[in-house]
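See below for the structure under consideration.
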Amino acid sequence: MKNQLDNVNASTRQVVRAALLLALIVAPHSLNIHHTTLLAFTFIVAWKLFSQWHRWMAHRWLAVVLAIIGFSISIWQYGPPIGRDPGVSFLIILLALKMLESRTRRDVRMVLLLGYFIVITHFLYFNGLPMVAFLFVMVFALTWSMIQSGHVAARPHIKSDIRLAAKLLVQAIPFALLLFFLFPRFSGALWLLQSRSDQGTTGMSETLTMGAIADLVESDEIAFTATFPDQLVPPASARYWRGAVLWDTDGRKWIKGPPTHAFNQPVRINLINTGDSYQHEIALQPNDKNWLFALDIPVSQPPGSILSPELYLYQNSPSRSPASYTITSSSQYLNKTINPAQRRRGVNLAPDTLTPRLAQFVSTQVAASTINQKFDPIRYALGILTYFNQNPFVYSLRPPRLLSDSPVDEFMFSTKTGFCEHYASSFVTLMRAANIPARIVLGYLGGEHNPIASQIVVRQSDAHAWAEFWSEERGWIRADPTAAIAPERIENPIDYSLSTGSAGAVIFDSGETAFFGKLLQQTRWYSAYAAQQWQRWFVGFDYRRQQSLLKNIGLDTFNPQALVALAFLAGLVILTGSAFLFYRGDQNRQDPATRLYARYCKKLEKQGVTRKQAEGPVDFYTRCAALFPREKSKLQTITGLYVRLRYGCEQDMNGVKQLKHQIRALRLP
């Protein structure tokens, strides 16, 4: 049956409400869609509001012209309408044009329906919990506006419509969750569509130059999070997150260089675990790199990854979308994996790297590390670290530029101010100068521990570089020269709000906070836990997780067709049950006018006038007016209000208030 309100002109209030709501829904796309598309949307909607205010109707030729201009802008920016960005851009333009030609209430409802599609498009770009909460509010507002647009009265029941919208959403949530968890999905990530090659990402570089990591240190962006399901979290001193190993240098810049093994040959790794193992799940943010970070050192590898002879993980394709993987690592180990290529590359130095001062320093340290004509690499490394510790070296966020041809010499004997890459590259250079294989390891150090979620959040500001050198007895040994200069860096994060002096002297966060600081920290922990669960059960709910869930509830033997049928059948049961729960009393619930009229009848009954069962309100009024002629006008007013409210198109809250006042003011002899 056709709704008689479809052709009724929409009020200015309804048009303005719909326009503002849709503008709010489109607003987050300012981070994704080209600004010219959003400017076109804003102009068209603003023109609609202006014309609505002055009661003008846009001519059809104007809509055609604006459509051509809007679509031309989208094609100019994106090319053919194929793909995510041009598709969303076209949909936004279509929404604005539909808003422009909206005149009747049916038109407004169609525009609001398009708003649901705009809500869906946000999931092509965002999947975080804050955005989901915002979009849920928008869906509630759209549903409420749809209900409001169906009222006859100019001022409908706001509270009752809010309750109805809430009921509809509460009924829809269980059905949506059921379909989400049971509907068969492909073997891939849920949010795969959001990946794109031109998406801006952050991450460490695959090269190291003195000063490069200092550019990242003040970034608060999350690199990855590590969740420990067994609550066994490594101490701060063991939170070295291995990323990549650098072998080759020209004296100033370090790079990975070619691989140290042939890809067609299996990698033989001689690794002995001597301490605790930590199983953890990494949620990696897009970084446009092939690295897969793990606690140093991984003793297992996730499917599809490659474990290099240097014991860092990588994959064949860069990370351009969020990824998660589970891995086991050991913080205490003997790593005796070395091949001839690594031995050769581990002692290579660029020509003219060793200045006379550096050569003299190396000779002195070698002599001090030789006992009974036997050179001890570990003793030599400790001598270098002692030199760093006992001389006025400074750990700084603002190291001076190294302008000489020998940056290691200038740093060691002149500036003596640097960041982790200064100390790591200098240490490796000095080790190689003594013919000891050594290399630089890039990764992260530390991370914020969230005890609520048993999670460590590692940010770009935790970027770090350390060294490894070879000993025939103990294999590869980690050496972090930063610990010799600033031991606090190992246990505590950097306080960037205080480390902002002109010299950039680093000040570390002691972890002691006031009451409000602790409250803020607790809030951040709980929000991180909520984000972790959202990531785990929704964003990361892929084919593998679904199969695990189905196995736990005994549905893993169902084929996809049976699973879909079961999901819809269970959904219908849920919808039926929720409808019965929410609306079982609606049929017996009296409207306000009927309740007030019943009170009016009781007041007359006390005067000996009882309304007959088949007596209508007008006949009852006629009988009462004859019995109480002085109150005839009041009785007529009450009866007229009741008839209008009870049998009219819709309840009028002002009329209900008037009826209540008239019945209360009625005084019978």
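Just to make sure I understand: if all protein chains stay in place, what is the order of CYS420, CYS601 by accessible area at 1.4 Å, largest first?
Working: CYS420 0, CYS601 25 Å².
Listed by decreasing accessible area, they come as CYS601, CYS420.
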P(r) of region 312-366 over all Cα-Cα pairs, binned every 5 Å from zero, in whole percent: 4, 10, 11, 13, 12, 15, 13, 8, 8, 5, 0
Accessible area (Å², 1.4 Å probe, nearest 10) - LEU177: 70 Å²
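In µm²/s, what is D for region 587-669 at 10 °C and 1.306 mPa s, where D = kT/(6 pi eta Rh) by Stokes-Einstein and Rh is the Kirkwood radius from Cα pairs? Display every interim value, and only then the final one.
Numbers: Rh = 13.0 Å.
In µm²/s, the coefficient rounds to 122.
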Peptides 542-555, 422-435, 389-402 ordered by average Cβ neighbours within 10 Å, highest first: 422-435, 389-402, 542-555
Rounded to 10°, Cα long-axis angle of helix 543-552 versus longest principal axis of the chain: 70 degrees
TYR526-VAL609 pseudo-label distance in nm [points 7 Å out on the Cα-to-Cβ vector]: 6.0 nm
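Suppose we take every Cα in region 332-445 and form the convex hull; what volume per residue is that in Å³? Before the final figure, lay out the partial values.
Values: hull volume 16.1 nm³, N = 114.
Roughly 142 Å³ of hull volume per residue.
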Probe 1.4 Å - accessible area at ASP352, Å² to nearest ten: 140 Å²
Hz values of 3J(HN,Hα) by residue in region 128-142 - Karplus curve (6.51, -1.76, 1.60), Gly and Pro given as x: x, 5, x, 5, 4, 4, 4, 5, 5, 4, 5, 5, 4, 5, 4
Assigned charges on the beta-carbon of Lys, Arg, Asp, Glu; region 368-462 dipole about Cα centre (debye): 120 debye
Accessible-area value, PHE580, 1.4 Å probe, nucleic acids and ligands omitted, Å²: 130 Å²
Value of Rg/Rh across region 18-123 [Cα atoms, Kirkwood radius]: 0.95
The chain - charge dipole about Cα centre, Lys and Arg +1 at Cβ, Asp and Glu -1, debye rounded to 20: 4580 debye
Sequence of GLU472, GLU310 from largest to smallest accessible area, 1.4 Å probe: GLU472, GLU310
For region 281-325: span of alpha carbons on each principal axis (Å, largest first): 25, 20, 17
Antiparallel DSSP beta bridges within the chain, as percent of all bridges there, nearest 5: 95 percent
Cα long-axis angle, helix 617-627 against the chain (0 to 90 degrees, to the nearest 10): 50 degrees
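Summarise the long-distance tail of P(r) for the chain by giving the % of C-alpha pairs beyond 38 Å.
Value for the chain (Cα pairs over 38 Å): 56 percent.
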Extension gain, THR326 back to ASP352 (0.36 nm per residue minus Cα-Cα distance, nm): 4.8 nm
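Determine, for each peptide in 603-612, 69-78, the mean count of other beta carbons within 10 angstrom over its residues, then list the peptides with the highest first. Could the numbers behind the result be given before it?
Working: 603-612: 12.7, 69-78: 16.7.
Final packing ranking: 69-78, 603-612.
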Solvent exposure of the chain as accessible area per residue, Å², 1.4 Å probe: 52 Å²
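Could you size up the charge dipole of region 53-151 around its Cα centre, putting +1 on the beta carbon of Lys and Arg and -1 on that of Asp and Glu, and report it in debye to the nearest 20?
That gives region 53-151 a dipole magnitude of about 360 debye.
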Nearest 10 degrees, 0 to 90: helix 105-121 Cα axis against the chain principal axis: 20 degrees
Accessible-area order (highest first, 1.4 angstrom probe) of the listed residues VAL111, VAL564: VAL564, VAL111
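The values are calculated or read from the model by the stated rules, or taken from the named source; none is laboratory data. For clarity, every value in this text was computed on a predicted model and none was experimentally measured. Reconstructed Cβ throughout: ideal geometry from the backbone, glycine too, with neighbour counts over all protein chains shown. Just the protein is used for accessible areas: all its heavy atoms, side chains included, with ligands, DNA and RNA removed. Shrake-Rupley method; radii C 1.70, N 1.55, O 1.52, S 1.80 Å.
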